[in-house]
Amino acid sequence: MTNKNTAHQYRIVPRDPGAHLFEVTLTVAAPDPNGQEFRIPAWIPGSYLIRDFARNLVSIRAESEGCEVALLKLDKSRWQSDACAAPLTIVCEIYAYDLSVRGAHLDTTHAYFNGPSVFLAVVGQEHHACELDICAPPETLGEHWRVATSMQAKTAEEYGFGTYTVSDYAELIDHPVEIGDLLIGEFEADGIPHAIAVRGHDKVDMARICSDLTKVCEQHMKLLGKPPDLDRYLFILLVLANGYGGLEHRWSTSLVCSRNDLPRRGDKRVSDGYRKFLGLCSHEYFHLWNVTRMKPAVFTPYQLQAETHTGLLWVFEGITSYYDDLALVRSGLVTAKSYLELLGQTITRVVRMPGRFRQSVEESSFDAWTKFYKQDANSPNFIVSYYTKGSLIACALDLTLRRVTHGKCSLDDIMRECWRRYGDGRSGMPERGLESIAHEISGVDLEDFFDRYVRGTADVPMDKLLLDCGIRLCLRAAKNSKDVGGKTAGNSELPALWMGATLMQRGSRSIFNRVTASSPAERAGLAPGDEAVAINDVKLSKANIDARLREYHAGDQITLSVFRRDQLMSLHIVLEEAPEDTCYLVIDTDASDAAEKNRQSWLSG
């Protein structure tokens, strides 16, 4: 047990919301007598990009017993104080204007922060307990503001300002904090207290959300069991006009969703937006097991000053992306038809990614720092997502195991064994850990499977595997530029012709943001960043491109006018039939009893 007197004392104050400035102080009771080193992380666990949080430090100073202590900057994120025998206090001003789940944000409407972006570590003393005093904003603001965090309170009242306590620095930076006018719902999942704190929307059906999240959480607990240290859990949700994303933590998650995704009171439908929201919550909750506790060996412990490479992100994100939607159908929140629509959309995203033939998911995982998290206009042509293709590999592995073992083994069994071996967070999963456990538990030689689909770039044979469950995989051309797949084309108009480029709206301008490799547009010389002007002298924009292309036939040559920077250019493009890259899945009503049994076993868990 750490001596109470050696606990590091942190304090954070939303000092100047109008200027987006937090004041953060840190007092070290027993600094290194030779000079104490401090550092701030360069990245946050769960988001594999060097973010250099030190760049947001506006000022930093040190003092002891009322006197200034000199600080020497060692590099971009480390400082060392002069020798000091008495308690040492560091005072920082931190600029916070990152409205995402990864950083910190402060304005006159709320305050939000993740620990890595605001708290310095005491080098060599990271194992000490920490106390954090979360202070109220200036009196002119925040009359109804409350605090939402999964940290354990010491003197703070529930959802109140005051002092919170954690076991060490690693835990300190693993509890995001939202402060503002919050709508809070509470529920229990398998006897464990859960809550959701919503900012930005006070008209939602909170009772329904809590009821549905209970089912999601309990479904995941049914699969993997309750983590022994899980005694509370918090969903922190920021609602925006348009937004989507999440970041996992050991006792909480921080989420962003769009306003229209949440259900209003009296609306019993599972809209596409609400289904997307539930899938997001399900994804981040599954991370309770898969990456926050059970993680790659190279992440134990995290080294937050530089990149840490692993080929296993497809396991920790791809498999999570498989179970997030699967949990919705297994818990009864969506129908089998609805789930298959989601799976069809995932297949569509992968099929539309030419880069899947250039990069394996293992390579995508390893290169996340430099490629996946630093995408440009050409990325879809040369990289693959370890989320989306990883989820298809997880699905294929699940269905393969069920087929070759005649239902005696599934991915569920593999994940339970992985959790039993690596869930303590001490050793971590080695780079071939899941593969060896899958072979051991199933008794099946899966080397060719992993060579082809994880380390190789072959397409996952979803069509053959789904047939074993009485499901037909169908491909068609996209109806229009908004078609994400998952459904039949219906009786709508014929697909637009294809030139292999997509438009995005940037203010009043329509910009080509992606040009597909080996497409008619690429062959004609179209480049990302070109501004759309006209097709055959008729105005072209993102809003009318589908209608414009339907005026022509395959083989027709069009003249595309674009601005490249300030130069007007004319490009000659020969249009082609739209490729069949849009997937939908159909339950075969004539499937055998065995196939129907396989499907029921898979989707019911």
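So is Ile60 more than 28 Å from the chain's Cα centre (by Cα) and part of a strand (DSSP E or B) or not?
When the stated conditions are applied, Ile60 passes them.
Taking the options Glu139, Glu131, name whichever one is surrounded by fewer than 21 Cβ atoms within 10 Å (Cβ to Cβ), within 19 Å of His249 (Cα to Cα) and either aromatic (Phe, Trp, Tyr) or in the same structural domain as Pro87 (by TED's automatic domain parsing) (or both). Spell out the reasoning first.
On the way: Glu139 fails: within 19 Å of His249 (Cα to Cα).
Unique residue meeting the criteria: Glu131.
Any idea which residue in the range 438-466 is surrounded by the fewest Cβ atoms within 10 Å (Cβ to Cβ), counting only those that are in a loop (DSSP other than H, G, I, E, B) and over 27 Å from the mean Cα position of the chain (by Cα)?
Filtering the range 438-466 for residues that are in a loop (DSSP other than H, G, I, E, B) and over 27 Å from the mean Cα position of the chain (by Cα), the one surrounded by the fewest Cβ atoms within 10 Å (Cβ to Cβ) comes out as Asp445.
Could you please give the count of residues in the range 194-208 that are under 23 Å from the mean Cα position of the chain (by Cα) and either surrounded by fewer than 18 Cβ atoms within 10 Å (Cβ to Cβ) or not hydrophobic (A, V, I, L, M, F, W, C) (or both)?
Result for the range 194-208: 4.
Kindly indicate which of Tyr302, Tyr285 is under 17 Å from Leu328 (Cβ atoms) and either in the same structural domain as Lys337 (by TED's automatic domain parsing) or in contact (Cβ under 8 Å) with a residue 60 or more places away in the chain (or both).
Only one candidate passes the filter, namely Tyr285.
The rows are residues; the columns are (1) of a type outside the set (S, T, N, Q); (2) surrounded by fewer than 22 Cβ atoms within 10 Å (Cβ to Cβ); (3) part of a helix (DSSP H, G or I); (4) more than 19 Å from the chain's Cα centre (by Cα).
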| position | (1), (2), (3), (4) |
| --- | --- |
| Gly266 | yes, yes, no, yes |
| Arg275 | yes, yes, yes, no |
| Tyr285 | yes, no, yes, no |
| Val298 | yes, yes, yes, yes |
| Gln303 | no, yes, no, yes |
| Glu307 | yes, yes, no, no |
| Trp314 | yes, no, yes, no |
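Report yes if Glu580 is within 31 Å of the chain's Cα centre (by Cα), loosely packed, with under 14 Cβ neighbours inside 10 Å and over 30 Å from Leu223 (Cβ atoms), otherwise no.
Details: within 31 Å of the chain's Cα centre (by Cα): yes; loosely packed, with under 14 Cβ neighbours inside 10 Å: yes; over 30 Å from Leu223 (Cβ atoms): yes.
Yes, satisfied.
So that you can scan it fast, the table gives a plain yes or no per residue for (1) surrounded by 13 or more Cβ atoms within 10 Å (Cβ to Cβ); (2) modelled with pLDDT of 95 or more:
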residue	(1), (2)
Glu522	yes, yes
Ala527	yes, yes
Ala532	yes, yes
Asn536	yes, yes
Asp546	yes, no
Ser570	no, yes
Leu575	yes, yes
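What's the number of the only condition in (1) under 30 Å from Arg472 (Cα atoms); (2) surrounded by fewer than 20 Cβ atoms within 10 Å (Cβ to Cβ); (3) aliphatic (A, V, I, L, M) that Met504 fails to meet?
So the condition that Met504 fails would be (1).
On the basis of being in contact (Cβ under 8 Å) with a residue 60 or more places away in the chain, part of a loop (DSSP other than H, G, I, E, B) and either touching a Lys or Arg at 6+ places or on another chain (Cβ under 6 Å) or not polar (S, T, N, Q) (or both), does Leu247 make the cut?
Answer is no for this residue.
If Leu497 satisfies every condition in (1) at pLDDT 95 or above; (2) over 31 Å from the mean Cα position of the chain (by Cα) but one, which is the exception?
Among (1) at pLDDT 95 or above; (2) over 31 Å from the mean Cα position of the chain (by Cα), Leu497 violates only (1).
The values are calculated or read from the model by the stated rules, or taken from the named source; none is laboratory data. Keep in mind it's a predicted model, so treat the numbers as computed, not measured. Cβ sites come from the backbone with ideal geometry, for glycine too, and all protein chains shown count toward neighbours.
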